[in-house]
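Chemist: One structure, pasted below without further comment.
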Amino acid sequence: MLVLGIESSCDDAAAAVLETDAPGKVRVRANVVANQDDVHRAYGGVVPELASRSHLITITPVIERALDSADLELSDIDGIAVTRGPGLVGSLLVGLMCAKGLAHRSGIAMVGVNHLEGHLLAPLLEHRIAMPYLALVVSGGHTALYAVREFGAYQRLGRTRDDAAGEAFDKVAKLMGLGYPGGRVIDRLSRKGNTNAVRLPVARVRGAPLDFSFSGIKTAVALVLKQHDGALVPADLAASFQERVVEMLIRPTLTAASQIGARTIALTGGVAANSRLRLKLEHAAASIGCGLVAPSFQYCTDNAAMIALAGSYRLLRGEKDPLDIDAEASLAL
Ligand code: KG4
Ligand code: ZN
């Protein structure tokens with residue numbers, strides 16, 4: 001079966017073609033992403049109105065590029081999987097309307113997919129992982145722990161109470177004047193810094209050992225910047241901030257992995273690209289007898305291959321959604 005994936009939940013317009021003949025047995029034939037960093041850079045964050053307008057221009061060429069690079073026509077496709085939420089409603093609508101148009105025109109089955117389910121399953125694009133596994137989803141919009149028990153059966157074990165980890169990276173980078181998006185810049189700058197040079201708080205959520213909180217450390221960085229007024233070494237502040245965020249991510253992850261008896265921890269979402277998080281979590285996971293699996297960068301950040309994968313097991317069962325499904329900004333998993 002050939003599945004066309006379409007993703008436009010935030011600021012990336014993406015299309016992919018996935019070949020599959022059994023759940024989890026997949027080959028990515030094409031994976032195309034048009035990011036909008038240049039559109040949003042001046043604002044230091046995603047501007048929803050600009051994101052949806054930009055999607056309107058790029059989504060069709062992105063789908064055409066995906067089909068071209070897989071050397072296929074729309075008529076070769078057996079199913080369409082499209083993100084229907086959660087995300088920015090204006091952005092979601094562009095991808096969803098486009099998928100509906102293609103499905104209506106061609107008669108191809110379409111399924112709406114939860115964006116988070118895509119992130120949870122993304123590690124399966126390149127690795128075979130026995131279920132249940134523990135997924136740590138860390139992106140600009142989400143930070144949560146899920147038990148992945150089987151395709152379609154997910155249990156949320158913990159979540160952030162305030163900011164997502166990626167949001168904290170982006171906001172701290174903005175405070176430090178490092179540009180947008182901030183995660184990658186902080187990651188790179190931290191390599192030259194001392195992780196203990198600046199004292200910053202490590203937050204724990206009382207009574208909820210599997211939950212996260214990142215708003216306190218962001219405020220602490222703002223205060224430090226105000227107090228030191230130019231006397232700080234930026235690499236030291238970046239390294240100290242990153243190290244504490246990594247520590248705050250690792251502790252609940254280990255507790256959750258032990259709780260569900262997972263043999264594998266899967267790291268996914270944009271922040272999964274963070275080199276320090278990958279290194280430290282790999283060691284920490286090994287200390288409790290778990291392996292760490294992290295997708296390559298193109299599948300960590302928003303992409304349509306993971307959406308095609310999340311839709312494929314339903315399409316393989318012959319399921320399809322009606323063409324009047326709606327985009328849902330807060331779609332639950
Ligand atoms: O998954 P993603 O592409 O989009 C969302 O669904 O949010 O994640 C984007 C986030 C941004 O906050 C970005 O700063 C962060 O991932 N990010 C990183 C790194 N690369 C991207 N954060 C830390 N270290 C990185 N190397
Ligand atoms: Zn995402």
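Chemist: Might you check whether a residue that is within 16 Å of ligand 2 (Cβ to nearest atom) and closer than 26 Å to Phe297 by Cα occurs anywhere in the stretch 221-240?
Modeler: No: the stretch 221-240 contains no residue that is within 16 Å of ligand 2 (Cβ to nearest atom) and closer than 26 Å to Phe297 by Cα.
Chemist: Name the residues in the stretch 11-38 that are touching a Gly at 6+ places or on another chain (Cβ under 8 Å) and closer than 21 Å to Leu56 by Cα, would you?
Modeler: The answer is Ala13, Ala14, Ala15, Ala16, Val17.
Chemist: Just to be sure, is Ala197 in a loop (DSSP other than H, G, I, E, B), touching a Ser or Thr at 6+ places or on another chain (Cβ under 9 Å) and surrounded by fewer than 18 Cβ atoms within 10 Å (Cβ to Cβ)?
Modeler: Taking the combined requirement at face value, the residue satisfies it.
Chemist: Being surrounded by 20 or more Cβ atoms within 10 Å (Cβ to Cβ), among the aliphatic types (A, V, I, L, M) and at pLDDT 95 or above is true for just one of Leu72, Leu56, Leu134. Which residue is that?
Modeler: Going through Leu72, Leu56, Leu134 in turn, the sole match is Leu134.
Chemist: In this structure, does Val172 turn out to be buried (at least 23 other Cβ atoms within 10 Å of the Cβ) and either at pLDDT below 95 or under 20 Å from Leu18 (Cα atoms) (or both)?
Modeler: No: the conditions fail for Val172.
Chemist: Still on this structure: For the stretch 210-266, enumerate the residues that are touching a residue at least 40 places away in the same chain (Cβ under 8 Å), surrounded by fewer than 17 Cβ atoms within 10 Å (Cβ to Cβ) and among the charged types (D, E, K, R).
Modeler: Of everything in the stretch 210-266, those that are touching a residue at least 40 places away in the same chain (Cβ under 8 Å), surrounded by fewer than 17 Cβ atoms within 10 Å (Cβ to Cβ) and among the charged types (D, E, K, R) turn out to be Glu247, Arg251, Arg263.
Chemist: Another question, if that's okay. Please work out which residue is farthest from ligand 1 (Cβ to nearest atom), limiting yourself to the stretch 10-39 and to residues that are farther than 16 Å from Met306 by Cα and either among the aliphatic types (A, V, I, L, M) or touching an Asp or Glu at 6+ places or on another chain (Cβ under 6 Å) (or both).
Modeler: Ranking the candidates gives Val39 first.
Chemist: Let me ask you something else. Picking from Gly140, Gly179, which residue would you name as being under 22 Å from the mean Cα position of the chain (by Cα), within 16 Å of ligand 2 (Cβ to nearest atom) and assigned to a loop (DSSP other than H, G, I, E, B)?
Modeler: Numbers: Gly179 fails: within 16 Å of ligand 2 (Cβ to nearest atom).
None of the others qualify; the one that does is Gly140.
Chemist: Can you work out which of the residues in the stretch 267-296 that are among the hydroxyl-bearing types (Ser, Thr, Tyr) and within 16 Å of ligand 2 (Cβ to nearest atom) is surrounded by the most Cβ atoms within 10 Å (Cβ to Cβ)?
Modeler: The initial filter retains those residues of the stretch 267-296 that are among the hydroxyl-bearing types (Ser, Thr, Tyr), namely 268, 275, 287, 296.
From what is left, the residues that are within 16 Å of ligand 2 (Cβ to nearest atom) are 268, 296.
On the way: Thr268: 27, Ser296: 11.
Ranking the candidates gives Thr268 first.
Chemist: Taking the conditions exactly as written (within 15 Å of ligand 1 (Cβ to nearest atom) and within 18 Å of the chain's Cα centre (by Cα)), does Leu277 satisfy them or not?
Modeler: Values: within 15 Å of ligand 1 (Cβ to nearest atom): yes; within 18 Å of the chain's Cα centre (by Cα): yes.
The answer is yes for Leu277.
Chemist: Hand me the list of strands (runs of 3 or more DSSP E) wholly inside the stretch 23-135 holding 1 or more residues that are touching a Pro at 6+ places or on another chain (Cβ under 9 Å).
Modeler: 25-35, 109-114
The values are calculated or read from the model by the stated rules, or taken from the named source; none is laboratory data. Just so you know, these numbers come straight off a predicted model, no measurement behind them. Counting neighbours? That spans all protein chains shown, and the Cβs are built from the backbone with ideal geometry, glycine included.
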